[in-house]
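> This is the structure I want to talk about, given as structure tokens.
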Amino acid sequence: MSGVEIGPTLRVAVPVPLYGGFDYLDLDATDATPIGSRVLVRFGKRRLVGVVLETEVKSDLPRERLRPIEARLDDAPVFDDELLGLLRWAAGYYHHPIGEALATALPVALRRAKTDQTPNRHRGWQAVPSDTANEPVAHAKRQHELLDVIRTGVHPVAHSHLLARFGSIHAPLKALERRGLIEEVDLPGALEQGSAGTAPALTDMQREAVEQLISRGEGFHPTLLEGVTGSGKTEVYCRQMAEVLAANRQVLFLAPEIGLTPQLIERLRTRFDASIGVLHSQRSDGERADVWRAARAGDADIVIGTRSAVFTPMPRLGLIVVDEEHDGSYKQQDGFRYHARDVALRRAQQCDIPIVLGSATPALESLHNADRSRFAHLKLPERATGAAMPPVRVIDIRSRPLLGGLSDPMLAHIERHLTAGNQVMVFINRRGYAPALSCHDCGWIAPCERCDAPLTLHGGGARLQCHHCGAHQNTPAQCPGCGSKQLIALGAGTERVAGALRSRFPDVRLARFDRDSVARKGRLESQLADVASGETQLLVGTQMLAKGHDFARLTCVAVLDVDGGLFSADFRAAEHMAQLVTQVAGRAGRSDLPGEVWLQTRHPEHPLLHRLLSGGYDAFARAALAERREAALPPFGYLCLLRAEAQDIQSPQAFLEQAAATIHSDEQIACWGPVPAPMQRRAGRFRAHLLLHSSTRARLHPALDHWQRVLAELPGARRVRWSIDVDPQDL
Ligand code: ADP
Ligand code: ZN
Ligand code: ZN
């Protein structure tokens, strides 16, 4: 051995779209870089942050060809063995490069090459005892609401929590501070300290569910908790969490992306005398990284977060809860396309701990797992408060005029509830003013130049925008085809519906919830807070409104268009429609005021809709499962989608044909396609895909292992961008 030896060989996962790790020399022979820690390496001409996968590697390359790592970035591993094992499994299962999978799992701040951690400041607010003379004036609503939250519990409240709950809070907080009612404090870290609160007495059904959950003890026990909206699933989770926390174990609580977290965090914060780490969109990169570190150190008792939180290191993990487990936002739709519910299941199995999946509308996959006794199946068929489930009825809109997407009978129902002083939610799954601009004389429809899709009208009809590539332009004054000035907006989106409702009910306060209206930071939170306080009476929005919100005075839900889900080419469309209708319907009549739900449709006799309305989600799901079984579609078959796209129309097709030729199809594995994607051209690129179908995972995954090795070598691979999607959600 010569003197050039600096250290043993490390295998490092580098965030590049290549499978496998890369070998580097360690800096030091005596003090090895630990597995799971970050290192800075040169990769080609770039400097990248990698993660050490193995030490003492026997490299295929001669030592003199290996480069040493440039620097160590951590003293202790960022990924512990458990998490690294999970991520290796996930990268393998989803057939995604390990380096990119690990980078996806890391908080953004830790993906950067920084060694020194400048400590982030964590602000909080606490109440100051004072005499009542200083209380805010009665109409300063937000000040009262903030004060209520800050005065609940015995610990200061994190600034980020107030932001997530109310949106814009600067002015009211300053006002409360001036009055001497609250003061700002520095919190010791990124975690929030909860306070013990009282639990309600359980209903009989809740008690039974809790007993079943707790009696099973500590090992891997997946449970599907199917409870109608408002049945008190959260209370059931809380009881099991209490057991786990009492045993000094950590709880990971996953929730879907939008809207759910503020109310949920507030509930947990006022319930458990525990430290809580929250990973939501209102937190800065630095704060998220701090929560991650605190969780890894075992300091966070509870971690609440969305999809990516499934990868939080938690050395004392004792329970995973996946709330609204059917929710589509658990599946990452680009890059590392993992499904957080499925990864959570694997993690629970690996850690040998219980996991609870909760939903009012379980995914068909989960129901099937319950049917096969892979999951225990607990049900809460009634609302905890005793409130009745709202009746769901249809309005046949065939040959009825629509005003801004609303039929006369629908407007009459809305008016009735508003007059009674209650809240109404109007749901339409389309943002913008109208989904298309058409010429009245020749039928021309304004197309996107770069996508196979019409442009959406925005700004009251003044602008055209593409929802797929973002292209935008002003609305033309006349038809480019025939010169006619008779251009008409086809259909209605949230903007048009909101406009029609505003002119019909000018004295009612209305808020619109869609990606455009809540784009400004804090806007969603402040609008939701105004609904919760009762100030806003009329809500118009997209699926953003379907999730988890609990508004006491909401008595009427209007769904303007369910027909899209009845006639889609995507085999999951009907399932999603049924879940959405059931979820939005569940927002109505949650407390003592009875609710009702109205659906507008042109197909009142459609069997799917009929089944959903007469038998509820359960009847729908049974029928849908039978159809899936017939067609051998998931959960009775397994799918993998190979996507390819390019600037020209031939390359994706050519590449996919080459890919198809490398698969040995037989009775157990079928190759469907290649076919053009449903929207073939998007943002100027042509897209096609190839679907692999198998009746068993055991056959599909070896085929994918083979693919993973050969695809990059195919002659057509360099002409396209391609990706593998295991268990694809939308086709
Ligand atoms: P879900 O998560 O199933 O939609 P929640 O847990 O949010 O339901 O409960 C719905 C409502 O019922 C909440 O307002 C909650 O406070 C209330 N609730 C839950 N359990 C009970 C109980 N045992 N007694 C009284 N109210 C309850
Ligand atoms: Zn025309
Ligand atoms: Zn476009």
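> List the residues whose amide H sits under 5 Å from the amide H of Asp561, counting only those 5 or more places along or on another chain, with H placed 1.01 Å from N in the peptide plane.
Residues meeting the criterion, in which the H sits 1.01 Å from N, are Asn429, Gln600.
> Report the label-to-label distance for Leu566 and Ser59 in nanometres (one decimal), using points 7 Å from each Cα along the Cα→Cβ vector.
Label at Leu566, label at Ser59, 6.4 nm between them.
> For Cys556, what is the net charge nearby, where nearby means another residue's Cβ is under 14 Å from its Cβ and Lys, Arg count +1, Asp, Glu -1?
Charge balance in the 14 Å sphere: +3.
> With a/c under 1.5 counting as rounded, go ahead and sort region 193-380 into rounded, prolate or oblate using the C-alpha gyration tensor (a ≥ b ≥ c being the square roots of the eigenvalues; past the cut-off, prolate if a/b is larger than b/c, else oblate).
Rounded is the answer for region 193-380, as its axis ratio a/c remains below 1.5.
> So, one more: Run down the aspartates and glutamates and flag those whose C-alpha is under 17 Å from the C-alpha of Lys485, throwing out any fewer than 8 positions away in its chain.
Asp441
> Just to check I understand the Karplus step: with θ = phi - 60° and J = 6.51 cos²θ - 1.76 cosθ + 1.60, what whole-Hz values come out for region 423-437, glycine and proline as x?
Computed from phi, the couplings for region 423-437 are 9, 10, 10, 10, 10, 9, 8, 8, 8, x, 7, 8, x, 7, 10 Hz.
> Can you sort Lys379, Lys45, Lys485 so the residue with the fewest Cβ neighbours within 10 Å comes first?
Lys45, Lys485, Lys379
> Mind listing the phi-derived Karplus ³J(HN,Hα) values for region 147-163, rounded to whole Hz, using 6.51, -1.76 and 1.60 with θ = phi - 60°, and x for any glycine or proline?
Result, ordered by residue: 4, 4, 5, 5, 7, 7, x, 9, 10, x, 9, 5, 4, 5, 5, 5, 4 Hz.
> If you count the DSSP beta bridges with both ends in the chain, what percent of them are antiparallel, to the nearest 5?
Roughly 55 percent of the DSSP beta bridges within the chain come out antiparallel.
> P(r) for region 9-111: what percent of alpha-carbon pairs falls in each 10 Å bin, starting at zero?
Bins of 10 Å from zero give 16, 52, 29, 2 percent of pairs.
> Same structure again: For the chain, how big is Rg over Rh, using alpha carbon atoms and the Kirkwood form of Rh?
0.97
> Under 18 Å between alpha carbons, and skipping anything fewer than 8 positions from Lys233 in its own chain: which aspartates and glutamates qualify?
Result set, ordered by chain and number: Asp204, Glu208, Glu211, Glu243, Glu266, Asp323, Glu324, Glu325, Asp327, Glu382, Asp550, Asp618.
> Shifting gears a bit: Treating cross-link reach as a plain straight distance, find the aspartates and glutamates whose alpha-carbon is under 15 Å from the alpha-carbon of Lys58, omitting any fewer than eight places away in the same chain.
Glu5, Asp23, Asp26
> What ³J(HN,Hα) values, in whole Hz, does the Karplus curve 6.51 cos²θ - 1.76 cosθ + 1.60 give for region 720-727 when θ = phi - 60°, with x put for Gly and Pro?
Whole-Hz 3J(HN,Hα) from phi for region 720-727: 10, 9, 10, 7, 9, 10, 8, 6.
> Now, a different point. Please sort 554-561, 623-630 by packing, taking for each peptide the average over its residues of neighbouring beta carbons within 10 angstrom, highest first.
Top of the packing list down: 554-561, 623-630.
> Assigning unit charges at the beta carbon (Lys, Arg +1; Asp, Glu -1) and nothing else, what dipole magnitude in debye, to the nearest 20, does the chain show about its Cα centre?
Rounded to the nearest 20 debye, it is 1660 debye.
> Oh, and also: If packing is taken as the mean number of other Cβ atoms within 10 Å per residue, what is the order of 334-344, 572-582, highest first?
Ranked from most to least packed, the peptides come out as 572-582, 334-344.
> Which value, in Å to one decimal place, does the Kirkwood hydrodynamic radius take for region 123-187 when every pair of different Cα atoms is included?
11.7
> Can you put Thr662, Thr419, Thr198 in order, fewest other beta carbons within 10 Å first?
Going from least to most buried by this count: Thr198, Thr419, Thr662.
> A follow-up question, please. Pull out the extension gain between Val154 and Gln680, defined as 0.36 nm times the separation in residues minus the alpha carbon to alpha carbon distance; nm, one decimal.
Once the chain is fully extended between Val154 and Gln680, it gains 183.6 nm.
> Arrange the peptides 674-687, 220-233 so that the one whose residues have, on average, the most other Cβ atoms within 10 Å appears first.
220-233, 674-687
> Something else about it: Apply the a/c threshold of 1.5 to the C-alpha gyration tensor of region 638-726 and tell me whether it is rounded, prolate or oblate.
prolate
> Going by C-beta contacts inside 10 Å, put Arg463, Arg643 in order with the fewest on the left.
Least to most surrounded, the residues fall as Arg463, Arg643.
> Related question: Compute the Cα gyration tensor for region 479-527, then decide on rounded, prolate or oblate, letting a ≥ b ≥ c be the square roots of its eigenvalues: rounded whenever a/c is under 1.5, prolate when a/b is larger than b/c in the other cases, and oblate in all that remain.
Cα axes put region 479-527 in the oblate bin.
Laboratory data are not the source of any read-out in this text; all were calculated from the coordinates shown. Source: prediction; values computed, not measured. Counting neighbours? That spans all protein chains shown, and the Cβs are built from the backbone with ideal geometry, glycine included.
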